[in-house]
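**Q** Let me give you the structure first, and then I'll get to my questions.
The values are calculated or read from the model by the stated rules, or taken from the named source; none is laboratory data. Please read these numbers as outputs of a predicted model, since none were measured by experiment. Cβ: placed from backbone, ideal geometry, glycine included. Neighbour counts: every protein chain shown.
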Amino acid sequence: MKFTESFIINLIQEQYGLDVSCKILNGYDELNFLLTDSFDKKYIFKIATEEHNPYFLDAQVQMVKLLAKSPMAEKFQHYLTNESQQEIGQITIEGFSYYYRLLSFLEGDFWVNQKHKSPALALNLGRFLGEMDALLKDFKHPAANRYYEWDVKNALDARKNLACIQSHENRRLVAYFLLQFETEVSPNISSLRTATIHNDANDYNVLVNGDSVSGLIDFGDMVHTSLINNLAIACTYAMLDTENPLEVAAEIVKGYHQKMPLTAQELSLLYYLIAGRLCISLCQSAYNYSKDSTNEHHFITEKPAWKLLHQLIRINPLKAHNEFRLACGFSPVIHPEDNHETILKERQQYIGKNLSISYAKKVKIDKGALQYLYDDQGNTFLDCVNNVSHVGHCHPTVVKAMQKQIATLNTNTRYLNTNIIDYAKKLTATLPKELTVCYFTNSGSEANDLAIRMSRHFTKQKDVIVLDHAYHGTSTTAIEMSPYKFDGKGGFGKMSYIHKAQNPDMYRGEYKYGDSKAGEKYAKDVDRIITALETESKKPAAFICETLLGVGGQIALPPNYLKEVYAKVREAGGICIADEVQVGFGRVGTKFWGFELQDVVPDIVVLGKPMGNGHPLAAVVTTQEIADAFNNGMEYFNTFGGNPVSMATGLAVLNVIEEEELQQNALEVGNYLVQRLAELKPKYDIIGDVRGNGLFVGVELVRDRITLEPAVPEIDHIVEKMKDRGFFISTDGPLYNVLKIKPPIIFSKENADEFVDNLDAVFGGF
């Protein structure tokens, strides 16, 4: 170390004529020393390497000198001049230049050390910053016009360090907020007010005395940028380690506005700017970790910053915007359900009336955020049911893949394009070796329709075996093989060529849990159908069933059920179709596909819903033999099926599942969720059964555990109560008495705990 304490003592005596003692302090990127003279007067001495532009050091000096002439002078350090009457001195050691400065010492305790931070203190911080920014609004120095990675407007550049974040969940969270920054902030930066700002009012730079801010130190991050960034940074660090971070930020905003009025546009972006600053900090910490940094200042706020970012995604951005506006005396942007009646009326006028809407009290969703949904009233909901958003709403990797491809090319499959090949290779690599040929469609309904068409062509038969209560989609063919629809209200009844096999429900059905042969026993019902067909000189074209039953009641099939059924159907000449639309792509945890739980290989697999994470994408994957037979001279063409954007989207989803180890997450979190739910069963008689695989979970509610009378309408009240608490779930099953729990597979154990704890409270209220 060149700059020992004795070296500094001699330098200070030589350059400033002061006799001092010296203590080395930690610093982020400069050397810092605490000096004390014989009268116990303290000073701060700073040394910068030649990597620090002396012209920029002069900018800091000039800004502080301006503040020293203001009514706020006592709240900032002052520069002392050396023997040459300069605020910045230069020294050369071993051919390297160093720049030094001596500053007065500010009394006060750091913000970070305050165990109790009152609303009055937050308000005072806002006033302090607003007053300072008002004083500096006309300050200019060419050196402040620099590129700086800690400038919030450059938040998107933090993406280069995203890969350094080891936690899949945390990396995804940062990437999400950077995506939102790109969408919400970047287009507006050029229209924001600019100024040269302090840029680092963090919890180690703000000094506090009681409920007042007594000072602000360290102007080393100053930069000319958007004025609002100064407030955003202060809010960010003041929100750390607080239980109600939005309340803290609103008080700071209120105080700032009193001294430096904010614009409506600035307030609309503040939430995203706060998130942007957090992302810069966390990406930088991760990068420093990757370089084995031992500087504790590189990681000093990392833990509370992660906590705050996880808190932030639970705050509806509209709520934050509304609170900031109210703090400044602006009109609110949230108006309780002011337009719901209009929307409902217009929906009734222009949209088919049999398109249902969830919940008695309707919800208008404006934005998705991974496993969360935000409504127009400022509420945040944990999404426990939308399995279509398989890897999370607006997953940044999927969104960016879609954006890039749609900005490049989107056309049909009549032209050569590698996207369709790349995706087909990646998809079939997850399937058994027998399943090699893909046909791409736009929905699971369309895919099921195609699968039946292919089976009928291959077998030259028409009859199809389905499970009772099954649902396979909305096309004419899919409705015909969906007892859930054709036996239901408004249904047209069963067609003669459709045959219902017994629903293998081990809770409510004929053969129960504990019967080791339940699978084989339920499978025998398929013999009944095949025999009946034989008496009419017919054979089945296909047997189709979901590999875990969705509408049928969130039911996992009994062991060996599909193995037995597939053998019977194939012996009779039929095709075995696995409907994976609800449960595929790693959701069941132990396996990538639901049929793998049954140790079978289907002849055709139908995929949909989660395949494009909300983008309309589905597929039929089959054997070469069936595909060759289907190639009979009639072209198969689908205008949108297999288009480059869909293929890029599907590939991104598969990559995310693999890279973020989401199948393992579904297994671990799913097992934990089922365990937590099972623990509720002894407490509440209304819980008849808890079942599921991975993050495909059902809770069947009954009024009586002996008679199994369904708990309806009780279940509907529970769903509504959970919605009021911020959790979206739904109902399913033939009797509509099963809680359907199929969240995005990024669901965490913390999410599971929140959900079950609130469900516990709701059950307790009955």
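**Q** Please work out if SER445 is assigned by TED's automatic domain parsing to the domain that holds GLU546, modelled with pLDDT of 95 or more and surrounded by 17 or more Cβ atoms within 10 Å (Cβ to Cβ). I'd like the intermediate steps shown before the answer.
**A** Details: assigned by TED's automatic domain parsing to the domain that holds GLU546: yes; modelled with pLDDT of 95 or more: yes; surrounded by 17 or more Cβ atoms within 10 Å (Cβ to Cβ): yes.
So SER445 passes the test.
**Q** Count, please, the residues in the stretch 142-151 that happen to be buried (at least 18 other Cβ atoms within 10 Å of the Cβ) and either free of Cβ contacts under 8 Å to residues at least 60 places away in the same chain or touching a Phe, Trp or Tyr at 6+ places or on another chain (Cβ under 9 Å) (or both).
**A** 2
**Q** Quick test for you: out of VAL620, VAL645, pick the one residue that is buried (at least 21 other Cβ atoms within 10 Å of the Cβ), closer than 18 Å to HIS457 by Cβ and either without any contact (Cβ under 8 Å) to a residue 12 or more places away in the chain or not polar (S, T, N, Q) (or both). Spell out how you get there, then give the answer.
**A** Numbers: VAL645 fails: closer than 18 Å to HIS457 by Cβ.
The conditions single out VAL620.
**Q** To continue, here is another question. Kindly check whether there is at least one residue in the stretch 340-351 that is over 28 Å from the mean Cα position of the chain (by Cα) and surrounded by 19 or more Cβ atoms within 10 Å (Cβ to Cβ).
**A** Within the stretch 340-351, none of the residues are over 28 Å from the mean Cα position of the chain (by Cα) and surrounded by 19 or more Cβ atoms within 10 Å (Cβ to Cβ).
Table: residues versus (1) over 30 Å from ILE715 (Cα atoms); (2) touching a Gly at 6+ places or on another chain (Cβ under 7 Å); (3) of a type in the set (A, V, I, L, M, F, W, C).
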{"position": "ALA305", "(1), (2), (3)": "yes, no, yes"}
{"position": "LEU308", "(1), (2), (3)": "yes, no, yes"}
{"position": "ILE313", "(1), (2), (3)": "no, no, yes"}
{"position": "LEU318", "(1), (2), (3)": "yes, yes, yes"}
{"position": "SER331", "(1), (2), (3)": "yes, no, no"}
{"position": "LEU355", "(1), (2), (3)": "no, no, yes"}
{"position": "TYR359", "(1), (2), (3)": "no, no, no"}
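**Q** Also, quick follow-up: Just to be sure I understand the filter: pairs with C-beta atoms under 7 Å, separated by 6 or more residues or on different chains, first member in the stretch 7-33 and at pLDDT 90 or above and among the charged types (D, E, K, R), second member part of a helix (DSSP H, G or I) and loosely packed, with under 13 Cβ neighbours inside 10 Å. Which pairs pass?
**A** Between residues of the stretch 7-33 that are at pLDDT 90 or above and among the charged types (D, E, K, R) and residues that are part of a helix (DSSP H, G or I) and loosely packed, with under 13 Cβ neighbours inside 10 Å, the close pairs are ASP19/GLN13.
**Q** Within the stretch 301-337, which residues are surrounded by 10 or more Cβ atoms within 10 Å (Cβ to Cβ) and either polar (S, T, N, Q) or farther than 30 Å from LEU178 by Cα (or both)? Please lay out each step first, then the result.
**A** The initial filter retains those residues of the stretch 301-337 that are surrounded by 10 or more Cβ atoms within 10 Å (Cβ to Cβ), namely 301-330, 332-335, 337.
Passing the criteria: THR301, GLN311, ASN316, ASN322, GLU337.
**Q** Sticking with this one: Need the failing condition index for ALA652 against (1) within 14 Å of LEU739 (Cβ to Cβ); (2) part of a helix (DSSP H, G or I), just the number.
**A** Only one criterion is unmet by ALA652, namely (1).
**Q** For the stretch 684-766, please list each of the strands (runs of 3 or more DSSP E) lying entirely inside it that holds at least 2 residues being surrounded by 22 or more Cβ atoms within 10 Å (Cβ to Cβ) and touching a residue at least 40 places away in the same chain (Cβ under 8 Å). Let's see the steps before the verdict.
**A** Numbers: elements: 687-693, 696-701, 730-732, 738-741.
Hits in the stretch 684-766: 687-693, 696-701, 738-741.
**Q** Restricting to the stretch 236-266, count the residues that are in contact (Cβ under 8 Å) with a residue 24 or more places away in the chain and closer than 16 Å to ILE313 by Cα.
**A** 9
**Q** Name the residue that is nearest to ASN205 (Cα to Cα), counting only residues in the stretch 99-111 that are among the hydrophobic types (A, V, I, L, M, F, W, C) and surrounded by fewer than 19 Cβ atoms within 10 Å (Cβ to Cβ). Don't jump to the end; show me each part of the working.
**A** We begin by selecting, within the stretch 99-111, every residue among the hydrophobic types (A, V, I, L, M, F, W, C); these are 102-103, 105-106, 110-111.
The next check asks that each one be surrounded by fewer than 19 Cβ atoms within 10 Å (Cβ to Cβ); those that pass are 105-106, 110.
Values: PHE105: 13, LEU106: 11, PHE110: 7 Å.
Among residues in the stretch 99-111 that are among the hydrophobic types (A, V, I, L, M, F, W, C) and surrounded by fewer than 19 Cβ atoms within 10 Å (Cβ to Cβ), the one nearest to ASN205 (Cα to Cα) is PHE110.
**Q** How many residues does the stretch 123-160 hold that are among the polar types (S, T, N, Q) and in contact with a Ser or Thr (Cβ under 8 Å, 6 or more places away or on another chain)? Please lay out each step first, then the result.
**A** Of all residues in the stretch 123-160, those among the polar types (S, T, N, Q) come to 124, 145, 154.
Now drop any that are not in contact with a Ser or Thr (Cβ under 8 Å, 6 or more places away or on another chain), which leaves 124.
Counting residues in the stretch 123-160 that are among the polar types (S, T, N, Q) and in contact with a Ser or Thr (Cβ under 8 Å, 6 or more places away or on another chain) gives 1.
**Q** Then there is this: Say we look at the stretch 498-517 and pick out the residues that are of a type in the set (A, V, I, L, M, F, W, C) and assigned to a strand (DSSP E or B); which of these is surrounded by the most Cβ atoms within 10 Å (Cβ to Cβ)? Break it down stepwise before answering.
**A** Here is the first cut: in the stretch 498-517, the ones of a type in the set (A, V, I, L, M, F, W, C) are 498, 501, 506.
Filter again for assigned to a strand (DSSP E or B), leaving 498, 501.
On the way: ILE498: 17, ALA501: 21.
Step by step, filter the stretch 498-517, then rank; the result is ALA501.
**Q** Any idea which of LEU216, LEU267, LEU207 is over 26 Å from ALA59 (Cα atoms) and modelled with pLDDT of 95 or more? Reasoning before the result, please.
**A** Values: LEU216 fails: over 26 Å from ALA59 (Cα atoms); LEU207 fails: over 26 Å from ALA59 (Cα atoms).
When all the criteria are applied, what remains is LEU267.
**Q** Taking the stretch 528-561 only, how many residues are under 30 Å from ASN737 (Cα atoms) and either without any contact (Cβ under 8 Å) to a residue 40 or more places away in the chain or not aliphatic (A, V, I, L, M) (or both)?
**A** Counting residues in the stretch 528-561 that are under 30 Å from ASN737 (Cα atoms) and either without any contact (Cβ under 8 Å) to a residue 40 or more places away in the chain or not aliphatic (A, V, I, L, M) (or both) gives 13.
**Q** Shifting gears a bit: Out of the stretch 534-564, which residues are β-branched (Val, Ile, Thr) and closer than 18 Å to LYS517 by Cβ?
**A** Here is the first cut: in the stretch 534-564, the residues β-branched (Val, Ile, Thr) are 535, 544, 547, 551, 555.
Once the filter is applied, which keeps residues that are β-branched (Val, Ile, Thr) and closer than 18 Å to LYS517 by Cβ, the stretch 534-564 yields only ILE555.
**Q** Here's another thing I want to ask about it. Can you confirm whether LYS538 is in a helix (DSSP H, G or I), on the phi < 0 side of the Ramachandran plot and over 41 Å from the mean Cα position of the chain (by Cα)?
**A** On the way: in a helix (DSSP H, G or I): no; on the phi < 0 side of the Ramachandran plot: yes; over 41 Å from the mean Cα position of the chain (by Cα): yes.
So LYS538 does not fit the description; no.
**Q** Any chance you could count how many residues in the stretch 628-647 are within 23 Å of PHE585 (Cα to Cα) and either at pLDDT 95 or above or in contact with a strand residue (DSSP E or B) (Cβ under 6 Å, 6 or more places away or on another chain) (or both)?
**A** Here is the first cut: in the stretch 628-647, the residues within 23 Å of PHE585 (Cα to Cα) are 640-647.
Then keep just the ones that are either at pLDDT 95 or above or in contact with a strand residue (DSSP E or B) (Cβ under 6 Å, 6 or more places away or on another chain) (or both); that gives 641-647.
Count: 7.
**Q** Collect the residues in the stretch 24-45 that are more than 42 Å from the chain's Cα centre (by Cα) and either part of a helix (DSSP H, G or I) or surrounded by 13 or more Cβ atoms within 10 Å (Cβ to Cβ) (or both), keeping them in residue-number order.
**A** Keep residues of the stretch 24-45 that are more than 42 Å from the chain's Cα centre (by Cα), which gives 24, 33-45.
Residues satisfying the conditions are ILE24, PHE33, LEU34, LEU35, THR36, ASP37, LYS42, TYR43, ILE44, PHE45.
**Q** Restricting the search to the stretch 6-21, which residues are polar (S, T, N, Q) and surrounded by fewer than 16 Cβ atoms within 10 Å (Cβ to Cβ)? If you could, list the steps in order and put the result at the bottom.
**A** Here is the first cut: in the stretch 6-21, the ones polar (S, T, N, Q) are 6, 10, 13, 15, 21.
The answer is SER6, ASN10, GLN13, SER21.
**Q** Please pick out the residue among LEU129, LEU156, LEU173, LEU162 that is part of a helix (DSSP H, G or I) and under 25 Å from LYS259 (Cβ atoms). Give the steps one after another, and end with the answer.
**A** Numbers: LEU156 fails: under 25 Å from LYS259 (Cβ atoms); LEU173 fails: under 25 Å from LYS259 (Cβ atoms); LEU162 fails: under 25 Å from LYS259 (Cβ atoms).
Among LEU129, LEU156, LEU173, LEU162, only LEU129 is part of a helix (DSSP H, G or I) and under 25 Å from LYS259 (Cβ atoms).
**Q** I've got another one for you. Taking the stretch 59-89 as the region of interest, how many residues are β-branched (Val, Ile, Thr), in a loop (DSSP other than H, G, I, E, B) and touching a residue at least 24 places away in the same chain (Cβ under 8 Å)?
**A** Restricting attention to the stretch 59-89, the residues satisfying the condition of being β-branched (Val, Ile, Thr) are 61, 64, 81, 88.
Applying the additional criterion that residues be in a loop (DSSP other than H, G, I, E, B) yields 81, 88.
This time we only want the ones that are touching a residue at least 24 places away in the same chain (Cβ under 8 Å), so: 88.
Qualifying residue count, the stretch 59-89: 1.
**Q** (1) aliphatic (A, V, I, L, M); (2) within 22 Å of VAL601 (Cα to Cα); (3) touching a residue at least 24 places away in the same chain (Cβ under 8 Å): which one isn't true of ALA567, the others all being true?
**A** Of everything listed in (1) aliphatic (A, V, I, L, M); (2) within 22 Å of VAL601 (Cα to Cα); (3) touching a residue at least 24 places away in the same chain (Cβ under 8 Å), ALA567 misses just condition (3).
**Q** Being in contact with a His (Cβ under 8 Å, 6 or more places away or on another chain) and either among the basic types (Lys, Arg) or surrounded by fewer than 22 Cβ atoms within 10 Å (Cβ to Cβ) (or both) is true for just one of THR194, THR263, THR242, THR183. Which residue is that? Working first, answer last.
**A** Numbers: THR263 fails: in contact with a His (Cβ under 8 Å, 6 or more places away or on another chain); THR242 fails: in contact with a His (Cβ under 8 Å, 6 or more places away or on another chain); THR183 fails: in contact with a His (Cβ under 8 Å, 6 or more places away or on another chain).
Answer to the selection: THR194.
**Q** Would you mind stating whether ARG414 is surrounded by 17 or more Cβ atoms within 10 Å (Cβ to Cβ) and among the charged types (D, E, K, R)?
**A** On the way: surrounded by 17 or more Cβ atoms within 10 Å (Cβ to Cβ): no; among the charged types (D, E, K, R): yes.
It is false that ARG414 is surrounded by 17 or more Cβ atoms within 10 Å (Cβ to Cβ) and among the charged types (D, E, K, R).
**Q** Continuing with the same structure: Could you pull out the residue among SER226, SER167 that is surrounded by fewer than 20 Cβ atoms within 10 Å (Cβ to Cβ) and among the small types (Gly, Ala, Ser)?
**A** Working: SER226 fails: surrounded by fewer than 20 Cβ atoms within 10 Å (Cβ to Cβ).
Just one listed residue meets the conditions, SER167.
**Q** Of ALA175, ALA143, ALA134, which residue is under 30 Å from ALA666 (Cα atoms), of a type in the set (Gly, Ala, Ser) and either at pLDDT 95 or above or in the same structural domain as ASN209 (by TED's automatic domain parsing) (or both)? Let's see the steps before the verdict.
**A** Numbers: ALA143 fails: under 30 Å from ALA666 (Cα atoms); ALA134 fails: under 30 Å from ALA666 (Cα atoms).
Just a single option satisfies the conditions, and that option is ALA175.
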